1. Could you work out the relative contact order of the range 140-294? I mean the mean sequence separation of Cα pairs under 8 Å and 6+ apart, divided by the number of residues, in percent.
2. Please report the carbon-and-sulfur percent of the accessible area for the range 57-173; probe 1.4 Å, protein heavy atoms only, DNA, RNA and ligands left out.
3. In the range 253-360, which GluC sites (Glu not before Pro) fall in coil by DSSP and have 15 or fewer other Cβ atoms within 10 Å?
4. Would you mind getting the accessible area per residue of the range 52-126, heavy atoms of the protein chains only, 1.4 Å probe, in Å²?
5. Sorted by average packing, counted as other Cβ atoms within 10 angstrom per residue and highest first, what order do 189-201, 171-183 take?
6. HN-Hα J couplings of the range 245-257 from phi, Karplus 6.51/-1.76/1.60, θ = phi - 60°, integer Hz, Gly and Pro as x?
7. Over all Cα pairs of the range 49-137, how is the pair count split among 5 Å bins, expressed in % and running from 0 up to the last occupied bin?
Amino acid sequence: MSPEIAGEERPREPLGPAEAQAPGGAEAGGRTSRRRWTCSRAQLHKTFWGVAVVLCVCASWAGSTQLAKLTFAKFDAPFTLTWFATNWNFLFFPLYYAGHVCKSTEKQSVKQRYRECCRFFGDNGLTLKVFFTKAAPFGVLWTLTNYLYLHAIKKINTTDVSVLFCCNKAFVFLLSWIVLRDRFMGVRIVAAILAIAGIVMMTYADGFHSHSVIGIALVVGSASMSALYKVLFKLLLGSAKFGEAALFLSILGVFNIIFITCIPILLYFTKVEYWSSFDDIPWGNLCGFSVLLLTFNIVLNFGIAVTYPTLMSLGIVLSVPVNAVVDHYTSQIVFNGVRVIAIIIIGLGFLLLLLPEEWDVWLIKLLTHLKVRKKEETVEGGADLGSGPQNRSRRARPSFAR
């Protein structure tokens with residue numbers, strides 16, 4: 001729903017287990033030691049946190065989507081809900097500073113930490129010009145991403161919305177390839193083709209009805225805005241550390257409060273998004289949705305500190321079956337063959353996009369390792385047969401040759 005910011009850059013670590021050599025020396029029966037796969041304590045720790053992060057991302061993403069659907073049954077105002085939830089972005093930097101005070105050995109004042117994080121915007125810090133040129137455009141993209149997503153939930157079921165939004169990763173790759181001149185990868189082109197094919201099949205699943213076509217167009221627009229946000233962020237600002245990302249997201253909240261507040265007011269008085277009384281507003285649903293969305297963005301932006309980015313992305317695609325189960329029991333969704341195939345195709349494309357750039361090198365190394373291991377086992381098996389009882393009895397016979 002909300003586009004995430006790249007976290008602190010870290011050196012890449014292998015996702016697979018590390019190869020270790022068993023102690024040297026001959027074992028019983030004359031066998032040489034075999035190599036085995038082991039995982040370091042740090043990798044196990046990251047994997048454990050990765051599972052926790054995946055569950056948290058999946059729960060907050062699916063929960064916010066379902067809660068938005070429930071909210072619209074009582075409060076039909078997607079833009080107002082977008083504005084209300086985005087205001088909570090202001091809490092990012094205060095929450096980050098609270099964590100800094102608890103964890104850091106060299107504690108800084110709020111003013112010192114703020115000035116240090118402002119260097120992210122340049123030598124002059126956060127000036128009025130920087131605010132309007134480097135922050136305001138992202139505030140608009142953030143609002144559009146969320147609004148289009150929430151508006152789509154009104155039109156189509158949450159399963160279709162969540163799976164179609166997964167196409168944003170394919171759009172990010174295409175834009176990065178065109179704008180940022182990222183490395184060309186054939187497997188990612190295949191993933192992008194699968195995403196486009198999935199969108200077409202999802203449209204066909206409901207028979208090209210105007211209601212569903214509009215809803216699908218809204219989700220694709222939301223995914224496109226999210227992809228544009230990420231690519232422009234990398235192009236204009238680069239990568240941000242945790243404090244810088246928290247400050248940037250808080251600035252987006254401030255931008256929303258100052259400049260976007262007039263739009264919900266205008267929609268209310270023009271009765272585009274109208275409610276008869278403020279007592280009729282389901283404040284519990286609005287606050288619950290905002291908390292879930294804030295949790296999702298916190299975990300997605302700062303989860304890299306404890307686990308692998310690939311594991312965090314899995315939480316998004318895993319929310320699709322969760323939404324499908326909820327829709328099956330709470331709505332009249334029909335999982336026909338076309339819809340199921342479209343979901344599988346888009347999910348497969350999403351997973352292909354998670355492959356690292358060196359996936360082919362890793363695959364070759366893995367196949368080479370398996371081939372060498374199989375050859376060693378074949379040689380050891382032949383040695384075992386050669387050292388059997390029959391062979392030993394033959395060697396024990398005296399030779400009569402003179």
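1. 32
2. The C+S portion of the solvent-accessible surface of the range 57-173 is 61 percent.
3. Values: sites: GLU273, GLU357, GLU358; in loops: GLU273, GLU357, GLU358.
Of the GluC sites (Glu not before Pro), the ones in loops of the range 253-360 whose Cβ has at most 15 other Cβ atoms within 10 Å are GLU357, GLU358.
4. Solvent-accessible surface per residue comes out at 52 Å².
5. On the way: 189-201: 18.8, 171-183: 16.0.
So the order, starting with the most tightly packed, is 189-201, 171-183.
6. Once θ is set to phi - 60°, the couplings for the range 245-257 become 5, 5, 5, 4, 5, 5, 5, 4, x, 5, 4, 4, 5 Hz.
7. Here the calculated profile for the range 49-137 is 3, 10, 12, 14, 16, 15, 15, 10, 4, 1.
The values are calculated or read from the model by the stated rules, or taken from the named source; none is laboratory data. Because the structure is predicted, anything quoted here is derived from the model rather than measured. We place every Cβ from the backbone using ideal geometry, glycine too, and count neighbours over all the protein chains shown. Please note that ligands, DNA and RNA were not included when accessible areas were found on the heavy atoms of the full protein model with its side chains. Shrake-Rupley method; radii C 1.70, N 1.55, O 1.52, S 1.80 Å.
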